[in-house]
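Since every read-out is calculated from the coordinates, none of them should be taken as a lab result. Keep in mind it's a predicted model, so treat the numbers as computed, not measured. Neighbour counts are summed over all protein chains in view; Cβ atoms, including those assigned to glycine, are modelled from backbone coordinates with ideal geometry.
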Amino acid sequence: MHLRDSLFAYKKHGCEGPGVNLKKLARQFVDFAAVGVIAFLIDYGILMFLSQIVGWNPVFSAFISYVISTIFNYVASMRFVFTHRADLSRRREFILFVIFSMIGLGMNEVIIWAGTASFGNGPYAVTASKLVATLIVALWNFFSRKYWLDAGE
């Protein structure tokens, strides 16, 4: 079975049959991206404030900013992007969201650490590291939430 089939082959995940409804998936990804841009601005703004103005370590600052933006992201994503699954309680949904976000946080931290270890703690190095981390983590977040949290209705 192909990865595409395993992720999207079932109606409960928003598909119309054995394949992917690309138009619906693209629309959902656009909605996800809109929420993600706002979450990124929250995350990046706090990261830069803490690391460049307050003078905290960029990796620690990235942890704080990521956690704050994740709270916003949960509320906005589950309201505007994904449909609540009836077979999941809100508590279980939130726990899964946090688990997926913690995996994303780990990815974010490793990328920020690698970028700043290689290129320094200046604003350009932190920004470049954060952009790379954002792209990779955004893909993880969308597909993990689409598969495990979305009712697909």
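With θ taken as phi - 60° and the coefficients 6.51, -1.76 and 1.60, list the Karplus ³J(HN,Hα) couplings across region 55-71 in order, rounded to whole Hz; mark glycine and proline as x.
Karplus values, whole Hz, x for Gly and Pro: x, 6, 4, x, 5, 5, 4, 5, 4, 4, 5, 5, 4, 5, 5, 5, 4.
Please list the non-local residues whose amide H lies under 5 Å from the amide H of THR83, H modeled 1.01 Å from N, same-chain partners needing a gap of 5 or more.
Sorted by chain and number, the residues that satisfy this are ALA151, GLY152, GLU153.
Taking the simple approach of a point 7 Å from Cα along Cα-to-Cβ for both ILE71 and LYS23, what is their distance in nm?
Taking the simple label geometry, ILE71 and LYS23 are separated by 4.0 nm.
Return a whole-number percent for the relative contact order of the chain, with Cα pairs under 8 Å and 6 or more residues apart as the contact set.
Contact order relative to length: 30 percent.
Above 20 Å lies some portion of the pair distances; for region 17-90, what is it as a whole percent of all C-alpha pairs? Present the calculation step by step, with values, prior to reporting the outcome.
Values: 1268 of 2701 pairs.
Looking at region 17-90, the distances longer than 20 Å represent 47 percent of pairs.
Quick check: residue separation of TYR124 and ASP31 times 0.36 nm, minus the Cα distance between them. What number comes out in nm?
30.6 nm is the gain from fully extending TYR124 to ASP31.
Let me spell out the model: positive unit charges on the Cβ of Lys and Arg, negative unit charges on the Cβ of Asp and Glu, origin at the Cα centre of region 31-148. What dipole size does that give, in debye rounded to 20?
On the way: 8 positive and 5 negative charges, 66 e Å.
With only Lys, Arg, Asp and Glu charged at Cβ, the dipole is about 320 debye.
Give a residue-ordered list of calculated ³J(HN,Hα) values for region 138-152 (Karplus: 6.51 cos²θ - 1.76 cosθ + 1.60, θ = phi - 60°; whole Hz; x for Gly, Pro).
Each residue's phi maps through the Karplus curve to give 4, 5, 4, 4, 4, 6, 5, 6, 4, 6, 9, 10, 8, 6, x Hz.
Rounded to whole Å and sorted largest first, what semi-axes of the equivalent ellipsoid does the C-alpha gyration tensor of the chain yield via the square root of 5 times each eigenvalue? Write down the numbers at each step before the final one.
Working: eigenvalues 198, 49, 32 Å².
In descending order, the three semi-axes are 31, 16, 13 Å.
Take the chain, connect every pair of alpha-carbon atoms lying under 10 Å apart with a spring to form a Gaussian network, then pick out the residue of SER101, SER65, SER118 with the largest mean-square fluctuation.
SER118
When the chain is modelled as a GNM with alpha-carbon springs shorter than 10 Å, which of PHE40, PHE63, PHE97 fluctuates the most?
PHE63
Quick one: Karplus J couplings for region 28-44, per residue in order, coefficients 6.51, -1.76, 1.60, θ = phi - 60°, nearest Hz, x for Gly and Pro?
Result, ordered by residue: 5, 5, 4, 4, 4, 5, 4, 4, x, 4, 5, 4, 4, 4, 4, 4, 5 Hz.
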